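Reviewing the structure listed below.
The values are calculated or read from the model by the stated rules, or taken from the named source; none is laboratory data. Keep in mind that what you see is a predicted model, and the values were worked out from it rather than measured. Don't worry about glycine lacking a Cβ; one is built from the backbone with ideal geometry, like all the others, and counts go over all protein chains shown.
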Amino acid sequence: MLEKPLARGFTLLELLVTLAVVGLLVAILIPAVSKVRDGALIAEATADARTIKNAFGLYYATYGQWPTTNGKIFGSNTPGQEDWGKDAEFSDGEQVWDFITSMFKGEPGYDADGRARNPQRVPFAPFPDEKIIDGHIVDPWGNPYKFKLDVNNDGRIPRFLEIHLDNPEDDQVWIGDTVIVWSRGPDGKDWRKDEAEDDPKTW
């Protein structure tokens, strides 16, 4: 009776070559997977920004005005930010987003004077709870979205606050729209032009 040949094991050299090939594949795949994931997050942030923009557009179509008082949104009248009056914008306080988010959900949205700014209780953009943190609608990186409204109805919106520009006259970026919305993007920065290049936005 013939004996079965013994199974041949891997040599140390073969094991090392296999490990080297696997390591090379992993090194190639990790950046590719990361790039795909980053692209998906940017696409998600862009879609959310457009939803917020559309919600403001629906608000204006419903009420014929922006939810502002003297050109500012409830909670955004921050001392020392005089140029915010040119176009209403997100402020770092929770009050603005609490006000906006409640209206987007279809709540009355009471302003500082106790007036309901959404008396018809229209749900303009009811974002799911997981996208709302401390009253803010947040992007995939956990930062609140930012927006500006063309409150003076001149058909253009300045992208940057003048206090963040070295030369406001020449460095300002004007966008021809009634609403602009953006995310700070993966780097979490958006004050200056070079910081804002990666920002998912609606324009």
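Could you tell me whether any residue of segment 95-115 is assigned to a loop (DSSP other than H, G, I, E, B), touching a residue at least 60 places away in the same chain (Cβ under 8 Å), surrounded by 15 or more Cβ atoms within 10 Å (Cβ to Cβ) and out of contact with any helix residue (DSSP H, G or I) (no Cβ under 6 Å at 6 or more places or on another chain)? For segment 95-115, residues assigned to a loop (DSSP other than H, G, I, E, B), touching a residue at least 60 places away in the same chain (Cβ under 8 Å), surrounded by 15 or more Cβ atoms within 10 Å (Cβ to Cβ) and out of contact with any helix residue (DSSP H, G or I) (no Cβ under 6 Å at 6 or more places or on another chain): absent. Scanning segment 121-157 for residues that are among the acidic types (Asp, Glu), crowded, with 16+ Cβ neighbours inside 10 Å and free of Cβ contacts under 8 Å to residues at least 12 places away in the same chain yields no hits at all.
Checked against the criterion of being farther than 27 Å from Leu149 by Cα and among the acidic types (Asp, Glu), segment 39-60 contains not a single residue that satisfies it. For segment 163-178, the count of residues that are under 23 Å from Thr51 (Cβ atoms), under 14 Å from the mean Cα position of the chain (by Cα) and not acidic (Asp, Glu) is zero. Note on segment 127-158: residues that are in a loop (DSSP other than H, G, I, E, B) and modelled with pLDDT of 90 or more total 12.
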